[in-house]
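Beneath this line is the structure, given in structure tokens, with notes to follow.
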Amino acid sequence: MFSIVSFSELASTNDHLKQHNCEYPFSTVILAQHQTKGRGRFERIWQSDQDLTFSILFPHGPNHGFIAPLAVVKALKAHAIPAEIKWPNDVLVHGKKVCGILVESVYEGNDAVADIVGIGVNVTEKKNLRAKSTYVSLSRNELLTDILARYEELLGLETKDLLNEIRKVFYLNGKTLQIDGIMWDVDGVDEHGYLCIHHQDQQRILKSEEITLSSIYEKEQS
Ligand code: BTN
């Protein structure tokens, strides 16, 4: 289903597809051996060296924010790596981020017509990255093949089934978050994929765009 177009170097695979999406059919995978201006959510820099960095062009659809992290988690678990999803779509191993995902839409006027799903997996050690990052020692090509195979399988699932899969590998289960100085217990993910939390009898629902994860402090429950 997927056709891979490989570049030795690009600024950003997401930016390449944004600029050239009309030139590629849906299900094209743009793979860069090296990105010079990789971007993360909230316009953060995504630093990568000889890591796995690619973006896929899809027709616009509701579920890529769920499918992409699940595909990565399932691919890593096939290599006996205990991967989990941290809401909304980071992939962690032993509590450290190994993969970031950036889903962006292409618009014609006000209508979203395509989605660009950018995935970056650390497969090399980074000396100067935050202590909260880690890497997996896997071949880039093998991992890409595995992720794409899982992605194809998951495209057939309905939203409710994807969310059930996410709940099974959800890192924030049983965690407490500190937001605006208040400790919130995580209840899980609702039927829309929003994060449900409570503090005493106060309930709150977080949408991914409302809050940056850097403003959330996690504390393991004892
Ligand atoms: C995040 O964690 O904030 C998301 C990081 C997404 C990085 C990937 S690497 C491939 C694609 N190209 C980009 O510029 N970003 C995404």
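The values are calculated or read from the model by the stated rules, or taken from the named source; none is laboratory data. All values reported here derive from a predicted model rather than from experimental measurement. Using ideal geometry, Cβ is built from the backbone for each residue, glycine included, and neighbour counts are taken over all protein chains shown. Heads up: the accessible areas ignore ligands, DNA and RNA and are worked out on the full protein's heavy atoms, side chains in. Shrake-Rupley method; radii C 1.70, N 1.55, O 1.52, S 1.80 Å.
All but one of (1) within 16 Å of the ligand (Cβ to nearest atom); (2) modelled with pLDDT under 95; (3) assigned to a strand (DSSP E or B); (4) among the polar types (S, T, N, Q) hold for THR124; state the number of the condition that does not hold.
Result: THR124 fails condition (3) only.
Considering only segment 18-59, state which residues are among the hydrophobic types (A, V, I, L, M, F, W, C), closer than 24 Å to LEU76 by Cβ and touching a residue at least 24 places away in the same chain (Cβ under 8 Å). I'd like the intermediate steps shown before the answer.
As a first pass, look at segment 18-59 and keep what is among the hydrophobic types (A, V, I, L, M, F, W, C): 22, 26, 29-32, 42, 45-46, 52, 54, 56-58.
Within this subset, residues satisfying the condition of being closer than 24 Å to LEU76 by Cβ are 29-32, 45-46, 52, 54, 56-58.
Within segment 18-59, VAL29, ILE30, LEU31, ALA32, TRP46, LEU52, PHE54, ILE56, LEU57, PHE58 meet the criteria.
I'm trying to understand the selection: among the residues of segment 92-112, which are in contact (Cβ under 8 Å) with a residue 24 or more places away in the chain and over 19 Å from PHE58 (Cβ atoms)?
LEU92, VAL93, HIS94, GLY95, LYS96, LYS97, VAL98
Being within 7 Å of the ligand (Cβ to nearest atom) and acidic (Asp, Glu) is the filter here, so list the residues in segment 37-55 that pass it.
Passing the criteria: none in range.
May I ask you to list the residues in segment 36-64 that are open to solvent by 20 Å² or more (accessible area, probe 1.4 Å) and under 19 Å from LYS97 (Cα atoms)?
Selection gives ARG39, ARG41, PHE42, GLU43, ARG44, ILE45, TRP46, GLN47, ASP49, GLN50.
Would you point out which residue out of THR13, THR36 is within 15 Å of the chain's Cα centre (by Cα), β-branched (Val, Ile, Thr) and farther than 21 Å from LEU157 by Cα?
On the way: THR36 fails: within 15 Å of the chain's Cα centre (by Cα).
Selected residue: THR13, the only one of THR13, THR36 that is within 15 Å of the chain's Cα centre (by Cα), β-branched (Val, Ile, Thr) and farther than 21 Å from LEU157 by Cα.
I'd like to know if segment 28-35 contains one or more residues that are within 12 Å of the ligand (Cβ to nearest atom), at pLDDT below 95 and out of contact with any Gly (no Cβ under 8 Å at 6 or more places or on another chain).
For segment 28-35, residues within 12 Å of the ligand (Cβ to nearest atom), at pLDDT below 95 and out of contact with any Gly (no Cβ under 8 Å at 6 or more places or on another chain): absent.
If you go through segment 1-11, how many residues are over 23 Å from TYR107 (Cα atoms) and either within 12 Å of the ligand (Cβ to nearest atom) or basic (Lys, Arg) (or both)?
So the answer is 1.
In segment 135-176, what residues are open to solvent by 40 Å² or more (accessible area, probe 1.4 Å) and of a type in the set (Val, Ile, Thr)?
THR145, THR159
Where residues in segment 92-107 are hydrophobic (A, V, I, L, M, F, W, C) and under 20 Å from SER12 (Cβ atoms), which of them is most open to solvent (accessible area, probe 1.4 Å)? Step through it out loud before you land on a result.
Looking only at segment 92-107, we keep the residues that are hydrophobic (A, V, I, L, M, F, W, C), and these are 92-93, 98-99, 101-103, 106.
When the remaining residues are screened for being under 20 Å from SER12 (Cβ atoms), the result is 98-99, 101-103, 106.
Values: VAL98: 0, CYS99: 0, ILE101: 7, LEU102: 22, VAL103: 57, VAL106: 22 Å².
The extreme case among them is VAL103.
Of these, ASP146, ASP161, ASP115, which one is without any contact (Cβ under 8 Å) to a residue 12 or more places away in the chain and outside any loop (DSSP other than H, G, I, E, B)?
Numbers: ASP146 fails: without any contact (Cβ under 8 Å) to a residue 12 or more places away in the chain; ASP115 fails: without any contact (Cβ under 8 Å) to a residue 12 or more places away in the chain.
When all the criteria are applied, what remains is ASP161.
So, in segment 96-113, exactly how many residues are within 15 Å of the ligand (Cβ to nearest atom) and either modelled with pLDDT under 95 or not polar (S, T, N, Q) (or both)? Talk me through it step by step, then tell me what you get.
In the first step, residues of segment 96-113 are kept if they are within 15 Å of the ligand (Cβ to nearest atom); the result is 96-106.
When the remaining residues are screened for being either modelled with pLDDT under 95 or not polar (S, T, N, Q) (or both), the result is 96-104, 106.
Count: 10.
I'd like to know if segment 68-82 contains one or more residues that are open to solvent by less than 20 Å² (accessible area, probe 1.4 Å), under 10 Å from the mean Cα position of the chain (by Cα) and within 8 Å of the ligand (Cβ to nearest atom).
No, segment 68-82 contains no residue that is open to solvent by less than 20 Å² (accessible area, probe 1.4 Å), under 10 Å from the mean Cα position of the chain (by Cα) and within 8 Å of the ligand (Cβ to nearest atom).
Pick from ASN89, ASN14: which is touching a residue at least 24 places away in the same chain (Cβ under 8 Å), within 21 Å of HIS192 (Cβ to Cβ), within 10 Å of the ligand (Cβ to nearest atom) and open to solvent by less than 20 Å² (accessible area, probe 1.4 Å)?
Numbers: ASN14 fails: within 21 Å of HIS192 (Cβ to Cβ).
Of the residues listed, the single one that is touching a residue at least 24 places away in the same chain (Cβ under 8 Å), within 21 Å of HIS192 (Cβ to Cβ), within 10 Å of the ligand (Cβ to nearest atom) and open to solvent by less than 20 Å² (accessible area, probe 1.4 Å) is ASN89.
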